[in-house]
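Bear in mind that the values in this text are calculations on the coordinates, not laboratory data. It should be emphasised that the depicted structure is a prediction, and the values quoted were computed from it without experimental measurement. With ideal geometry, Cβ positions are generated from the backbone for all residues, glycine too; neighbour counts draw on all protein chains shown.
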Amino acid sequence: MTQEILYDAIVVGGGPAGSTAATFLAKKGRRVLLLEKENWPRNKTCGDAISGKSVGVLRELGLTDALEKAEHGEVVGITFSSPNGTVVTIPFKGSDGQISKGYVCRRMVYDNILWDNAKRLCDSYEGVEVTGLVKEGQKVIGVRARDKAKQEMEFRAKIVIGADGVASVVARETRGADVDPQHTCIAYRAYYSGISGMNSTLEIHFVKSILPGYFWIFPLEHGIANVGVGMVMSDMKKGNVNLQKAMLDIINNNPLFKSRFANAKQLSPISAWSLPFGSKKRKVSGDGFLLVGDAAGLVDPFSGEGIGNAMTSGKIAAEVADEALSFGRTDAEMLAKYDQKLWAEIENELKLSYAMQKLGKIEWLLNFVISKAAKSPKAREAIAGTFTNEEAKKEYISPLFYLKLLFS
């Protein structure tokens with residue numbers, strides 16, 4: 001079946017990047033079709049932490065109240081432990097010096113907030129999987145799709161926005177598969193209840209057995225926690241690491257966590273996913289198409305957080321698409337403005353995070369920084385700054401930063 005309606009844009013994928021792009025574009029008066037292969041609400045394997053950048057875009061969409069009303073966990077700081085077992089908790093502080101809060105929200109809940117908002121403004125289908133692109137020469141002019149009943153469909157648009165995740169069909173058919181082991185993280189996670197010692201902070205633990213990866217505990221609602229491990233794919237292969245086994249070994253045998261998990265209950269299977277880091281610049285636009293979120297490969301290489309850049313890229317894609325439609329041009333040269341705006345917004349931060357990721361591989365440095373922070377309020381403030389602003393991150397990768405820590 002061919003859909004004769006010509007849309008201004010088709011957005012493939014209804015996650016944070018896709019729903020954000022579709023919403024902003026529809027608010028500009030454009031006719032948008034939003035396609036999602038799953039049925040809502042749908043689960044998505046993730047660490048579930050919602051960054052300040054995400055909340056900023058959520059605020060522009062008018063959805064912060066919806067997040068507040070939904071089931072979620074609230075965090076007021078971050079807890080680190082070093083390979084030698086030193087633990088330090090650092091509060092989140094706003095520009096006014098007061099304690100600020102962050103959110104941890106299951107993707108089944110968070111993504112559904114964005115999807116419900118988007119579908120009120122766009123034509124939308126769920127349970128419809130995009131299987132390929134429609135092209136005229138090299139120009140993308142639509143998509144081929146299939147519903148759950150195996151009915152074939154075709155939709156046409158002036159622009160196609162690929163927001164279909166790490167296994168993106170839009171990306172594969174426009175630039176080819178691009179899985180770089182040095183710029184891709186593998187992660188495992190499960191939900192637990194009954195973990196002792198949680199203190200309303202994001203816990204990031206640099207456990208010696210999985211360096212240069214880390215183990216996390218992120219608190220959700222009702223005493224539930226998202227628990228997982230992550231490691232760069234090339235490091236996993238180099239060390240021949242079975243990451244799922246390593247995760248269970250930390251929970252069951254590591255002195256810092258064995259007693260904390262003694263009465264814990266695993267609530268879900270351990271699930272794996274891959275995170276394409278933005279430390280590698282991939283092709284994100286071309287003749288008739290734009291790529292956003294994981295389809296573009298924009299995950300922060302230090303924190304592993306991807307929702308913030310996904311939503312940011314969705315917003316920028318909508319701006320560029322609207323401008324291109326106004327000029328009646330959706331060619332590669334016109335849509336290359338997306339590359340310019342996107343990298344101007346996030347590239348410096350990604351470069352700094354990549355440098356921090358590299359520093360995180362140095363065991364003695366992790367021990368030094370975290371032990372110093374445990375003893376020094378000034379050091380804690382310095383490290384806290386690396387999670388709140390880009391200028392502080394620049395300090396973190398400078399040798400002078402560590403000299404300052406020595407004398408703080």
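Some points to look at:
- Of the trypsin sites (Lys or Arg not before Pro) found in the range 105-142, the ones in coil according to DSSP and having at most 11 other Cβ atoms within 10 Å of their Cβ are Arg120.
- Projected area, mean over directions - the range 242-388, Cα convex hull, nm²: 12.2 nm²
- Per DSSP, loop trypsin sites (Lys or Arg not before Pro) in the range 1-89 with at most 10 further Cβ within 10 Å: none
- Computing Rg and the Kirkwood Rh from the Cα coordinates of the range 29-131 gives a ratio, Rg/Rh, of 1.09.
- Cβ-based net charge around Ser196, under 15 Å, with every Lys or Arg adding one and every Asp or Glu removing one: +2
- Angle between the chain longest axis and helix 332-359 axis [Cα atoms, degrees, rounded to 10]: 10 degrees
- Loop GluC sites (Glu not before Pro), the range 2-93 (other Cβ atoms within 10 Å of the site Cβ: 14 or fewer; DSSP): Glu71
- Lys, Arg +1 and Asp, Glu -1 on Cβ, resulting dipole of the range 34-86 about Cα centre, debye, nearest 20: 180 debye
- The range 199-254, Rg to Rh (Cα coordinates; Rh as Kirkwood inverse mean 1/r): 1.01
- The range 17-51 and the range 261-308 have Cα centres spaced 15 Å apart.
- Ordered by the count of other Cβ atoms within 10 Å of each Cβ, fewest first, Tyr125, Tyr110 give Tyr125, Tyr110.
- Neighbours of Phe277, meaning other residues whose beta-carbon lies under 9 angstrom from its beta-carbon, give a summed charge of -1 when Lys and Arg score +1 and Asp and Glu score -1.
- Using alpha-carbon coordinates, inclination of helix 363-375 to the longest axis of the chain, degrees: 70 degrees
- Estimated translational D of the chain in µm²/s (Stokes, Kirkwood radius over Cα pairs; 25 °C; 0.890 mPa s): 112 µm²/s
- Compared with the alpha-carbon gap, the fully stretched path from Met108 to Ala272 is longer by 57.4 nm at 0.36 nm per residue.
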